[in-house]
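The values are calculated or read from the model by the stated rules, or taken from the named source; none is laboratory data. Every value quoted in this text rests on a predicted model; they were computed, and no experiment measured them. Don't worry about glycine lacking a Cβ; one is built from the backbone with ideal geometry, like all the others, and counts go over all protein chains shown. Accessible surface is based on the protein model in full, side chains and every heavy atom, while ligands, DNA and RNA are left aside. Shrake-Rupley method; radii C 1.70, N 1.55, O 1.52, S 1.80 Å.
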Amino acid sequence: MLARDYQDIIAGAIFALIGASVAIWSWANYPLGSITHMGPGAFPAGLGVLLMFIGVLVMLPAFFRAGPSIPMPDFRAFVFVALALTLFSFTIRWLGLVPAIILVVMTSVLADSKLGIIGSTILAVGLSIAGWLIFSVALGIPLQAFGQVWQTWMFWQ
Amino acid sequence: MTYLGGLIDNLSLGMNTALSLSNLYYCFFGVLLGTFVGVLPGIGSLVALSLLLPITFHLPATEAIVMLAGVYYGSTYGGSTASILLNLPGTPSTAVTCLDGYPMAKQGRAGVALFMTTIASFFGATVGIMVMTLFSPLIVTFALSFGPAEYFAMMVLGLVAASSIATGSPAKGIGMVVLGVIVGLIGSDLETGQPRFTFGVPELFDGVPLVAVAMGLFGVAEVIYSVRVVKPGHVDSKSITLRSMIPTRDDVRRSVMPLIRGAGFGSFFGALPGTGGVIASFMSYAVEKKVSKEPERFGKGAIEGIMGPESANNAADQTAFIPTLTLGIPGNVVMALMLGALTIHGIVPGPQLMTKEPALFWGVLMSFWIGNLLLLILNIPLIGLWVRILAIPYHWLYPAVLMFVAIGVYSVNNSPVDVIIVMVLGAIGYGMRLLDMQPAPLILGFVLGPLMEENFRRAMLIARGDFLVFFQRPISGVLMTLTFVLVAYVIYSSFNQSRVRRKAAKAA
């Protein structure tokens with residue numbers, strides 16, 4: 001019997017593992033209280049045990065049946081999307097909103113090669129203007145279009 | 001008489017609120033965006049709602065809910081456009097519309113199909129709104145007598161129903177709900193202030209923010225998953241003219257009864273937790289096929305096959321607000337996000353909402369009506385515009401989604417770290433997606449988690465630790481019995497499923 005539903009086996013194992021850790025952690029660290037005056041640990045401990053059982057329930061039958069194969073992760077999409085958000089996080093303060101949006105767009109288009117350099121540039125410029133108009137102008141959220149670095153530079157000029 | 005008199009006062013209060021300039025504006029923006037994302041393949045109302053959540057921080061509560069609701073029911077209008085023209089459902093609840101809508105389009109009757117589904121949507125929504133107007137006050141009067149045991153039982157039933165009926169694997173769905181409840185408990189304990197599962201990170205003391213979870217799971221994970229999957233559609237936009245939209249006398253005659261029946265199904269299933277538009281539209285289609293004198297026409301462009309479901313899913317969109325706004329129990333994940341938006345504004349959902357915030361409740365309700373009128377205008381004369389939008393490829397769209405995620409999350413606390421948190425949640429969400437673990441039940445559990453714990457502890461305190469309290473009180477007893485029946489079914493089906501699959505594997 002090689003046919004197994006690996007999707008459900010892994011999912012069930014994750015449930016069971018999280019459930020067990022939550023139950024043990026809350027039992028060990030938070031007061032359980034009594035049943036009438038439940039402490040902070042009681043409800044999560046109960047949930048942990050419940051999740052553990054559900055995990056087993058998901059996992060056990062999956063050993064005895066064929067299942068869909070787990071799709072290959074799209075690493076390229078994942079890496080560039082993650083990179084785009086990381087770059088935004090690191091640049092929003094010191095470069096400001098407009099450059100950060102341009103970075104997000106120029107990085108995220110690499111997740112998929114369909115948009116060429118010209119298309120990407122148009123999209124980056126368009127979205128940075130749109131982003132600034134929507135969030136800064138229309139919604140009045142205090143976001144600087146250009147951040148600290150540019151102000152310092154202007155100051156020294 | 002006082003019931004009716006009070007209703008008229010409330011409706012006029014609602015009208016006044018809904019007709020204020022800012023509410024009109026956000027209603028229009030909501031339905032416009034809703035139609036837009038409904039039409040676009042690859043971006044659904046959930047993604048749009050997650051992206052809008054941080055914006056609601058900067059709006060008053062009524063405006064926020066009016067806008068989010070507009071996106072929700074607007075996307076059902078837009079979804080049918082994609083179903084008819086591309087055979088791709090724009091939203092799950094318009095999937096059935098493909099069955100007869102696409103054949104109609106192939107026969108050159110796309111204009112008629114688009115026109116008639118818009119009328120069906122409007123009719124269904126109107127019935128749904130009327131049902132909500134008439135029944136909500138009654139439910140609230142009834143619900144005011146609910147104690148913590150009833151609330152707990154209702155939330156359990158709602159969560160079990162929502163996660164086990166609509167998803168492919170009920171046991172996994174319930175697992176995701178429990179996981180969501182656990183994630184919802186992260187932060188300080190409400191009664192003792194004891195920090196739980198915070199691991200010394202001070203940012204987690206107030207709990208994991210809903211915005212981060214919703215954006216990570218629905219925004220980022222969805223983008224990673226869809227980047228190289230979603231294909232744009234190609235439609236000849238010139239063929240759809242206003243003239244081509246005029247239905248024949250026969251079309252109109254065939255549509256009347258499906259419309260009425262569909263609205264009935266939709267109103268009923270929409271208000272039940274866990275069912276909603278998807279099931280209502282499927283039911284409506286099945287019934288229309290059954291009662292039809294010529295069932296062989298179905299699947300080949302029968303107009304009854306689009307009118308019933310479209311009326312049903314829009315009615316369900318409206319009545320889904322009944323449990324959310326009267327009881328504080330969301331029946332599906334979109335409603336959980338609405339509830340989250342209310343909580344962000346410090347409004348406690350539940351039966352007291354209608355008496356404490358009458359302008360919000362009735363204003364939102366009346367805005368549904370205005371929103372549906374706006375949708376009628378947006379979808380009939382402007383249909384040519386939406387047809388062109390259908391052809392926008394996903395690679396032009398997803399960088400914009402990511403931009404909204406990044407700015408939206410950052411703007412809530414002006415914190416760059418929050419963007420990283422969302423990215424990590426997105427990565428986790430993508431992993432779950434690969435294992436077919438649905439994020440929607442997790443969000444439902446996450447929103448209801450703290451409420452469930454509070455009510456459970458209170459119920460135990462009142463009943464002096466007697467677990468049987470959930471079964472001894474009549475209402476909660478019925479609810480708990482229903483839950484147990486559902487759970488038994490889930491356990492049965494999870495084993496049965498493996499037997500069926502094994503048989504299939506043997507046969508192959």
With the requirement that a residue be open to solvent by less than 20 Å² (accessible area, probe 1.4 Å) and facing another protein chain (nearest Cβ under 7 Å), what does the stretch A:83-96 give you? A:ALA84, A:LEU85, A:PHE88, A:SER89, A:ILE92
Residue within the stretch B:133-140 that is open to solvent by 10 Å² or more (accessible area, probe 1.4 Å), polar (S, T, N, Q) and at pLDDT 90 or above present: yes
From the residues in the stretch B:163-208 that are touching a Lys or Arg at 6+ places or on another chain (Cβ under 8 Å) and of a type in the set (Asp, Glu), which one is most open to solvent (accessible area, probe 1.4 Å)? B:GLU191
Looking only at the stretch A:110-126, count every residue that is open to solvent by 10 Å² or more (accessible area, probe 1.4 Å) and under 22 Å from A:ALA145 (Cβ atoms) and tell me the total. 5
Which condition does A:VAL104 not pass, out of (1) open to solvent by 40 Å² or more (accessible area, probe 1.4 Å); (2) under 30 Å from B:ILE407 (Cα atoms), if it passes all the others? (1)
Does any residue of the stretch B:271-279 turn out to be assigned to a helix (DSSP H, G or I), surrounded by 24 or more Cβ atoms within 10 Å (Cβ to Cβ), at pLDDT below 90 and not basic (Lys, Arg)? yes
Which ones in the stretch A:128-142 are open to solvent by less than 20 Å² (accessible area, probe 1.4 Å) and assigned to a helix (DSSP H, G or I)? A:SER128, A:GLY131, A:PHE135
How many residues, within the stretch A:63-82, are at the interface with chain B (Cβ under 7 Å from one of its Cβ atoms) and within 30 Å of B:VAL487 (Cα to Cα)? 5
Looking only at the stretch B:451-498, and only at residues there that are touching a residue at least 40 places away in the same chain (Cβ under 8 Å) and in a loop (DSSP other than H, G, I, E, B), the one that is least open to solvent (accessible area, probe 1.4 Å): B:ALA463
Would you confirm, using the coordinates I've provided, whether B:ILE174 is within 14 Å of another protein chain (Cβ to nearest Cβ), in contact (Cβ under 8 Å) with a residue 40 or more places away in the chain and more than 30 Å from B:ILE303 (Cβ to Cβ)? yes
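Can you tell me which residue among B:PRO195, B:PRO258 is at the interface with chain A (Cβ under 10 Å from one of its Cβ atoms) and at pLDDT 85 or above?
Working: B:PRO258 fails: at the interface with chain A (Cβ under 10 Å from one of its Cβ atoms).
Answer to the selection: B:PRO195.
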Picking from A:PRO40, A:PRO99, the residue that is at pLDDT below 95 and either surrounded by fewer than 19 Cβ atoms within 10 Å (Cβ to Cβ) or more than 7 Å from chain B (Cβ to nearest Cβ) (or both) would be A:PRO99
May I ask you to list pairs of residues, at least six apart or on different chains, whose Cβ atoms are under 6 Å apart, with the first in the stretch B:243-263 being among the aliphatic types (A, V, I, L, M) and the second being surrounded by 19 or more Cβ atoms within 10 Å (Cβ to Cβ) and at pLDDT below 90? B:MET245/B:GLY111
Single match in B:GLY384, B:GLY371, B:GLY299, B:GLY308 (criterion: assigned to a loop (DSSP other than H, G, I, E, B) and either more than 21 Å from B:PHE268 (Cα to Cα) or among the small types (Gly, Ala, Ser) (or both)): B:GLY299
Report, ordered by the first and then the second residue, all pairs with beta carbons closer than 9 Å, sequence separation of six or more or different chains, a first member in the stretch A:122-133 that is in the same structural domain as A:VAL105 (by TED's automatic domain parsing), and a second member that is in a helix (DSSP H, G or I) and aromatic (Phe, Trp, Tyr). A:LEU123/B:TRP396; A:GLY131/B:PHE404
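Considering each of B:VAL235, B:VAL287 in turn, give the residue that is outside any helix (DSSP H, G or I) and either modelled with pLDDT of 85 or more or surrounded by fewer than 22 Cβ atoms within 10 Å (Cβ to Cβ) (or both). Steps first, please.
Details: B:VAL287 fails: outside any helix (DSSP H, G or I).
None of the other options fit; the residue is B:VAL235.
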If I filter the stretch B:73-93 for residues that are among the hydrophobic types (A, V, I, L, M, F, W, C), farther than 23 Å from B:VAL230 by Cα and in a helix (DSSP H, G or I), do I get at least one hit? no
How many of the residues making up the stretch A:43-53 are facing chain B (nearest Cβ under 7 Å) and in contact with a Leu (Cβ under 9 Å, 6 or more places away or on another chain)? 4
Result of the Cβ filter at 8 Å on the stretch B:99-114, keeping first residues that are over 9 Å from B:GLY301 (Cα atoms) and partners that are open to solvent by 60 Å² or more (accessible area, probe 1.4 Å) and part of a helix (DSSP H, G or I), at least 6 apart or interchain, is B:GLY108/B:SER239; B:ALA110/B:SER239; B:GLY111/B:SER239; B:GLY111/B:ARG243
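The rows are residues; the columns are (1) closer than 30 Å to B:LEU114 by Cβ; (2) open to solvent by less than 10 Å² (accessible area, probe 1.4 Å); (3) in contact (Cβ under 8 Å) with a residue 60 or more places away in the chain; (4) more than 22 Å from the chain's Cα centre (by Cα).
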| position | (1), (2), (3), (4) |
| --- | --- |
| B:ILE347 | no, no, yes, no |
| B:ILE370 | yes, no, yes, no |
| B:ILE377 | yes, no, no, yes |
| B:VAL387 | yes, yes, yes, yes |
| B:MET403 | no, yes, no, yes |
| B:VAL419 | no, yes, no, yes |
| B:ILE428 | no, no, yes, yes |
Going through B:GLY128, B:GLY108, B:GLY147, B:GLY101 one at a time, which residue ends up being at positive phi and of a type outside the set (A, V, I, L, M)? B:GLY108
